[in-house]
Amino acid sequence: MKRLLNQQPSSFTRVILGLLPFIILIGVYVIASDIRLEANPNDKLLPSIAQMSEAIQRMAFEPNRRTGEYIFWVDTFSSLQRLMLGVLLAASLGLCIGLLTGALPLVGASFSPIITVISLIPPLALLPILFIVFGLGELAKVALITIGILPFIAREMQRRTQEIPHEQIIKAQTLGANTSQVLIRVLLPQLTPRLLDAVRLSLGTGWLFLIAAEAIASTEGLGYRIFLVRRYMSMDVILPYVIWITFLAFLLDWVLMKLKDRLFPWQRQGGHS
Amino acid sequence: MIDVKNLWKNYGNKVVLEGINVSVKEGEFITLVGASGCGKSTFLKLLLGTETASKGSLLLDGKPIKGEPDSDRGIVFQQYSVFPHMTVLENVIAAKGFAEKGITGLLWGRKRKEAKAAAERMLDKVGLSSSSHLYPHHLSGGMRQRLAIAQALMGKPRILLLDEPFGALDPGIRKDMHALVLDLWRSEKLTVFMVTHDLHEGFYLGTRLWVFDKLRHDPQAPDAFGAGITFDLPVGQTDPKHLETIEENMKEFSHD
Ligand SMILES: Nc1ncnc2c1ncn2[C@@H]1O[C@H](COP(=O)(O)OP(=O)(O)OP(=O)(O)O)[C@@H](O)[C@H]1O
Ligand SMILES: [Mg+2]
């Protein structure tokens, strides 16, 4: 028998071992929910799977009686729209800031300290200010997401820029390249895959700020719905929504990962040669 | 072409180079040897313009050498001197593009066609034509250095600086690379400075050998004195005895 340290699962056992915790979790939930519903059929804390699918059936596939909307999809669409806009904005700004501060010492010297200070402000503390400045509309929510993840992306991009071997920058200059040519042809293309990494890392935070903003002021959205039905203790809606959000987060992450492999064939571990 | 007059370089209190006086004519091929840390790379950086002299002057055609890299001086480092996100061919074409003014240095239309043809000729010269569509991480170390050299030559430099370009390569491949460099040096009429750790390499490549070593030595304060050029030998007419004494010197130096 090999040491535990050296025992590798086969690909089949790896899948089984990976699925096992999920199966146990679901099993435990189903049993616990059964026991509680047995004791009190009106219990709301642990709804049965049937109750949850009924709630989703109602929200996703039947038009709302009052508004005629398919609430689940309206929520999903507006949340994703806010998240994407916020992240896109943060990514493009972060890329520019990181590239310029990382590559140009003069810009770095003047902006690095302020970026560090700004990144220390807790973004949620700014939320009231955003609502006052931008009103309760979409802009404030998008701005919260952007402000929440921008410092991270900007600093990550700055660090990544500085990580690119200086030899390449010198080499380009010996070939006659000017500053903008070095930025656009040498640094920028090498930063884009790293930007996708940074975005992947910051999506979790993005969701956090999205749901926080929606919880406080909104009329639709996944976060809004969860906090709305909390008043009625509708766990049959909250739980599927949480699972759905988790799935969306997973999907976005996966798409970004695949996109990175597909778009940048020159990329390998370490990256530079 | 190049005149070095009483050149000193120090980092803080640490003197790296001291009192270097030397001049170089167009078309010379100079190999630089010396113990590790004695300032060979520093000397190349001064020529390249990424470091400035603390004292003395470094003149190119009688004028102080430019304080930043430009297309007069090409360079090949031991590693990291090609662009990993471009294919072999793109790497060489980019060298042509960077020579143009403009924001991106991208080439279009006729210019791109010409650059591509020139790049293909250059790749042929260094023996990389069959790999032109590969990315650098697919290349072996030797091929990557060939690419780096091709790229540097595309910029039509007058001076080519090589900082241990073949240090990481197998001896067999190194032989091929020597032949390549000598060939290009002759056909492109370059002035070459090449740092190497291999003294024998220095003895039969090129026209002139410089040995960097400390002229004075203070065991109490190892940083107080810098290195100078202790031997400046024409290659081809040297006494094998020299080789032995230099080798001895270098060993002594790196032991303490
Ligand atoms: N930016 C710097 N700041 C301080 N000291 C430096 C700096 N660059 C080089 N040095 C010092 O200068 C000395 C010479 O360095 P250099 O790289 O020129 O040596 P070298 O002859 O090229 O050595 P090697 O053969 O190992 O490449 C070293 O002792 C090094 O510590
Ligand atoms: Mg060196």
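The values are calculated or read from the model by the stated rules, or taken from the named source; none is laboratory data. Just so we're clear, the structure is a prediction, and the values are computed from it rather than from any experiment. Virtual Cβ from ideal backbone geometry, glycine too; neighbours counted across all protein chains shown. Just so you know, the surface numbers come from the protein's heavy atoms only, side chains and all, with ligands and any DNA or RNA stripped out. Shrake-Rupley method; radii C 1.70, N 1.55, O 1.52, S 1.80 Å.
Could you run through the stretch B:15-59 and say how many residues are surrounded by fewer than 20 Cβ atoms within 10 Å (Cβ to Cβ), away from ligand 2 (no atom under 16 Å from the Cβ) and within 14 Å of chain A (Cβ to nearest Cβ)?
So the count comes out to 0.
For B:Ile93, all conditions in the list (1) over 26 Å from B:Ala227 (Cα atoms); (2) of a type outside the set (Ser, Thr, Tyr); (3) within 16 Å of ligand 2 (Cβ to nearest atom) hold save one; what is the number of the exception?
(3)
Checking the conditions here, which among B:Thr87, B:Thr104 is modelled with pLDDT under 90 and away from ligand 2 (no atom under 16 Å from the Cβ)? Before you say what the answer is, go through the steps one by one.
Values: B:Thr87 fails: modelled with pLDDT under 90.
Just one listed residue meets the conditions, B:Thr104.
Do we find that A:Arg262 is open to solvent by 70 Å² or more (accessible area, probe 1.4 Å), assigned to a helix (DSSP H, G or I) and either under 30 Å from A:Asp75 (Cβ atoms) or away from every other protein chain (no Cβ under 14 Å) (or both) in this structure?
Working: open to solvent by 70 Å² or more (accessible area, probe 1.4 Å): yes; assigned to a helix (DSSP H, G or I): yes; either under 30 Å from A:Asp75 (Cβ atoms) or away from every other protein chain (no Cβ under 14 Å) (or both): yes.
Spelling it out, A:Arg262 is indeed open to solvent by 70 Å² or more (accessible area, probe 1.4 Å), assigned to a helix (DSSP H, G or I) and either under 30 Å from A:Asp75 (Cβ atoms) or away from every other protein chain (no Cβ under 14 Å) (or both).
When you scan the stretch A:35-69, how many residues do you find that are in contact with a helix residue (DSSP H, G or I) (Cβ under 6 Å, 6 or more places away or on another chain) and hydroxyl-bearing (Ser, Thr, Tyr)?
Final tally of qualifying residues: 1.
Take the stretch B:195-223 and flag every residue that is in a loop (DSSP other than H, G, I, E, B), β-branched (Val, Ile, Thr) and within 12 Å of ligand 1 (Cβ to nearest atom).
Within the stretch B:195-223, the subset in a loop (DSSP other than H, G, I, E, B) is B:196-198, B:205-207, B:215-223.
From what is left, the residues that are β-branched (Val, Ile, Thr) are B:196, B:207.
Answer for the stretch B:195-223, where residues must be in a loop (DSSP other than H, G, I, E, B), β-branched (Val, Ile, Thr) and within 12 Å of ligand 1 (Cβ to nearest atom): just B:Thr196.
Could you go through the stretch B:85-102 and let me know if any residue there is touching a residue at least 60 places away in the same chain (Cβ under 8 Å), surrounded by 22 or more Cβ atoms within 10 Å (Cβ to Cβ) and not small (Gly, Ala, Ser).
Taking the stretch B:85-102 as the starting set, the residues that turn out to be touching a residue at least 60 places away in the same chain (Cβ under 8 Å) are B:91-92, B:95.
Among the residues that remain, those that are also surrounded by 22 or more Cβ atoms within 10 Å (Cβ to Cβ) are: B:91-92, B:95.
Now restrict to residues that are not small (Gly, Ala, Ser): B:91-92.
Yes: the stretch B:85-102 contains one or more residues that are touching a residue at least 60 places away in the same chain (Cβ under 8 Å), surrounded by 22 or more Cβ atoms within 10 Å (Cβ to Cβ) and not small (Gly, Ala, Ser).
What about B:Glu114, is it charged (D, E, K, R) and away from ligand 1 (no atom under 16 Å from the Cβ)? Show your work before the answer.
Working: charged (D, E, K, R): yes; away from ligand 1 (no atom under 16 Å from the Cβ): yes.
When the stated conditions are applied, B:Glu114 passes them.
In the stretch B:190-206, what residues are more than 16 Å from ligand 2 (Cβ to nearest atom) and open to solvent by less than 50 Å² (accessible area, probe 1.4 Å)? Break it down stepwise before answering.
If we filter the stretch B:190-206 for residues that are more than 16 Å from ligand 2 (Cβ to nearest atom), which is where we start, we get B:190-192, B:200, B:203-206.
Passing the criteria: B:Leu190, B:Thr191, B:Val192, B:Phe203, B:Leu205, B:Gly206.
Quick one: count up the residues across the stretch B:151-189 that are open to solvent by 10 Å² or more (accessible area, probe 1.4 Å) and in contact with a strand residue (DSSP E or B) (Cβ under 7 Å, 6 or more places away or on another chain).
6
Do the conditions hold for A:Leu196, that is, is it closer than 19 Å to B:Glu90 by Cα and in the same structural domain as A:Leu99 (by TED's automatic domain parsing)? Can you show your working first?
Values: closer than 19 Å to B:Glu90 by Cα: no; in the same structural domain as A:Leu99 (by TED's automatic domain parsing): yes.
No: the conditions fail for A:Leu196.
Tally up the residues in the stretch B:157-172 that are more than 9 Å from chain A (Cβ to nearest Cβ), part of a loop (DSSP other than H, G, I, E, B) and in contact with a Ser or Thr (Cβ under 7 Å, 6 or more places away or on another chain), please. Steps first, answer last, please.
The initial filter retains those residues of the stretch B:157-172 that are more than 9 Å from chain A (Cβ to nearest Cβ), namely B:158-160, B:162-172.
Retained after the next criterion (residues that are part of a loop (DSSP other than H, G, I, E, B)): B:158, B:164-170.
Within this subset, residues satisfying the condition of being in contact with a Ser or Thr (Cβ under 7 Å, 6 or more places away or on another chain) are B:158, B:164.
The number of residues fulfilling the criteria is 2.
For (1) within 16 Å of ligand 1 (Cβ to nearest atom); (2) farther than 30 Å from A:Leu263 by Cβ; (3) charged (D, E, K, R); (4) within 17 Å of the chain's Cα centre (by Cα), each residue gets a yes or a no:
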residue	(1), (2), (3), (4)
B:Val16	yes, yes, no, no
B:Gly39	yes, yes, no, yes
B:Leu47	yes, yes, no, yes
B:Glu51	yes, yes, yes, yes
B:Leu60	no, yes, no, yes
B:Ser71	no, yes, no, yes
B:Ile75	yes, yes, no, yes
B:Pro84	no, no, no, no
B:Ala95	no, no, no, no
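(1) more than 16 Å from ligand 1 (Cβ to nearest atom); (2) of a type outside the set (D, E, K, R); (3) within 14 Å of chain A (Cβ to nearest Cβ): which one isn't true of B:Val181, the others all being true?
Here B:Val181 clears every test but (3).
Criterion first (touching a residue at least 40 places away in the same chain (Cβ under 8 Å) and either polar (S, T, N, Q) or exposed (fewer than 15 other Cβ atoms within 10 Å of the Cβ) (or both)) does A:Gln173 satisfy it?
Numbers: touching a residue at least 40 places away in the same chain (Cβ under 8 Å): no; either polar (S, T, N, Q) or exposed (fewer than 15 other Cβ atoms within 10 Å of the Cβ) (or both): yes.
It is false that A:Gln173 is touching a residue at least 40 places away in the same chain (Cβ under 8 Å) and either polar (S, T, N, Q) or exposed (fewer than 15 other Cβ atoms within 10 Å of the Cβ) (or both).
Among B:Glu114, B:Glu90, B:Glu120, B:Glu51, which is under 18 Å from A:Pro189 (Cβ atoms) and of a type in the set (D, E, K, R)? Give the steps one after another, and end with the answer.
On the way: B:Glu114 fails: under 18 Å from A:Pro189 (Cβ atoms); B:Glu120 fails: under 18 Å from A:Pro189 (Cβ atoms); B:Glu51 fails: under 18 Å from A:Pro189 (Cβ atoms).
On inspection, the qualifying residue turns out to be B:Glu90.
Could you list all residues from the stretch A:225-240 that are buried (at least 22 other Cβ atoms within 10 Å of the Cβ) and under 20 Å from A:Leu83 (Cα atoms)?
A:Arg225 - this is the single residue of the stretch A:225-240 that is buried (at least 22 other Cβ atoms within 10 Å of the Cβ) and under 20 Å from A:Leu83 (Cα atoms).
Within the stretch B:43-65, how many residues turn out to be free of Cβ contacts under 8 Å to residues at least 40 places away in the same chain and touching a Lys or Arg at 6+ places or on another chain (Cβ under 6 Å)?
So the answer is 1.
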